[in-house]
Amino acid sequence: MRKKFLVSVLALAIAASTSGCAELGIDKREAGTAIGVVAGAVVGQFIGKGNGRIVATILGGALGGFIGNKIGAKLDEQDRQALALRTQDVLNASPASATAAPASWTSSHSGATAQIVQGQEFTQTKTVEVKRAPKIVAVPTMKLINEQYLTKSSSNVRSAPNKSAEKVGGLKPGTEFTAVGSTGDWILVGRKGVTVGYVNKDLVEPKAEAVAKSVKPAANLDEMNVSADKETKAFDLDSIPSLPTQQVAAETSCRPVTVSLKAANGDTEQEQNTFCKQANGTWELI
């Protein structure tokens, strides 16, 4: 049976306590998973900031649910949280090659250890929901990115992914933003989860690549007072009464992950699952 840990599971996990599981009709195995989701969400609160903190919380919750199942049954709560966080780190790393060395984890108190192995990354096409500003033209397909990017120079942001499209605003050099996805030679510029335009890919680069070259972000689009500048005024989401939502066929990255555990008492367990990146930047267990 295919399994999916969705954001709604967080609400269920918070509502369910160990004393109330029977009333909710949740068996012990399901309760363990729900508790794992809460544990992972707690871990997520300690990483990221702003919108990144929200994404980290959801991601931590999903992975907490994963750790809270077969392998989680052999660990205490502290180890479940730690192993979930380590698995999250592995997923957030660069795509693994087929020959990548396993990532290791060791409990800080119980003696439990684990090996985490990512399989070869592959792509999968699925329909996702994307919000956009009213003037922004919808695209039928895209490749999901959901990573931080920086502008390399002054960059025009346009209403559609072509150079003749209307300019809706501009970004100064060093502006950090969320790249929602890409379509052809264009990057979807995101602000607070909403696509506010398109920028040519030659004008921007992933933040990780910029930082590696000692380039520091000058400003973050999510945190800017966009209404104070005519070049960014169109990105003021508070002035927009409603935001169109579109269904897009999106190509997304998926990675198989195998966790091999040796518990403190010497018992071993192995769990294999596949995670795919979602439109909000989280990884969903499929």
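Values quoted throughout were computed directly from the atomic coordinates according to the rules given, and no laboratory measurement underlies them. Being a predicted model, the structure only gives us computed values, none of them experimental. Here Cβ is always computed from backbone atoms with ideal geometry, including for glycine, and neighbour counts include all displayed protein chains.
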Using a 7 Å offset from the Cα along the Cα-to-Cβ direction at both Ser239 and Asn92, what is the distance between the two label points in nm, to one decimal? 3.4 nm
In whole Hz, with x marking every Gly and Pro, tabulate ³J(HN,Hα) for segment 255-263 from phi via Karplus 6.51 cos²θ - 1.76 cosθ + 1.60, θ = phi - 60°. 9, x, 10, 10, 10, 10, 10, 10, 6
Less than 17 Å apart at the alpha-carbon level, and either on another chain or at least 8 residues along: which aspartates and glutamates does that give for Lys135? Glu166, Glu231, Asp236, Asp238
Based on the mean of other Cβ atoms within 10 Å per residue, sort peptides 139-149, 236-246 so the most packed one is first. 139-149, 236-246
Listed by chain and number, the lysines with an alpha carbon less than 27 angstrom from that of Lys74, same-chain partners under 8 positions apart left out, are Lys3, Lys4, Lys28, Lys262
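Order 86-92, 121-127 from most to least packed using the mean count of other Cβ atoms within 10 Å. It would help to have the intermediate numbers written out before the result.
Working: 86-92: 19.4, 121-127: 12.7.
Peptide ranking by packing, descending: 86-92, 121-127.
Quick one: work out Rg over Rh on the C-alpha atoms of segment 124-188, Rh as Kirkwood radius.
Values: Rg = 12.1 Å, Rh = 12.7 Å.
The Rg/Rh ratio comes out at 0.95.
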At 0.36 nm per residue, minus the direct Cα-Cα distance, what do Ala101 and Thr125 gain on full extension? Give it in nm, one decimal, please. 5.8 nm
Count the net charge of all other residues whose Cβ sits under 14 Å from the Cβ of Val117, scoring Lys and Arg as +1 and Asp and Glu as -1. -1
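For every other residue with a beta carbon closer than 12 angstrom to the beta carbon of Pro173, add +1 if it is Lys or Arg and -1 if Asp or Glu, then tell me the sum.
Overall, the nearby charge balance is +1.
How big is the Kirkwood radius of segment 173-285, worked out from every pair of different alpha carbons and given in Å to one decimal?
Here the Kirkwood hydrodynamic radius works out to 17.3 Å.
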Full-extension gain in nm, Asn225 to Lys163, via 0.36 nm per residue minus C-alpha separation: 19.7 nm
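Sorting check: for 169-176, 227-234, which peptide has the highest mean count of neighbouring beta carbons within 10 Å, and how do the rest follow? It would help to have the intermediate numbers written out before the result.
Working: 169-176: 19.2, 227-234: 14.9.
So the peptides 169-176, 227-234, ranked by packing, come out 169-176, 227-234.
Given the pairs Lys233/Lys277; Lys167/Lys192; Lys163/Lys201; Lys213/Lys277; Lys70/Lys143, which span a C-alpha to C-alpha distance of over 23 angstrom in this model?
Correct reply: Lys233/Lys277; Lys213/Lys277; Lys70/Lys143.
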Dipole size in debye (nearest 20) for segment 134-243 around its Cα centre, Lys and Arg Cβ +1, Asp and Glu Cβ -1? 200 debye
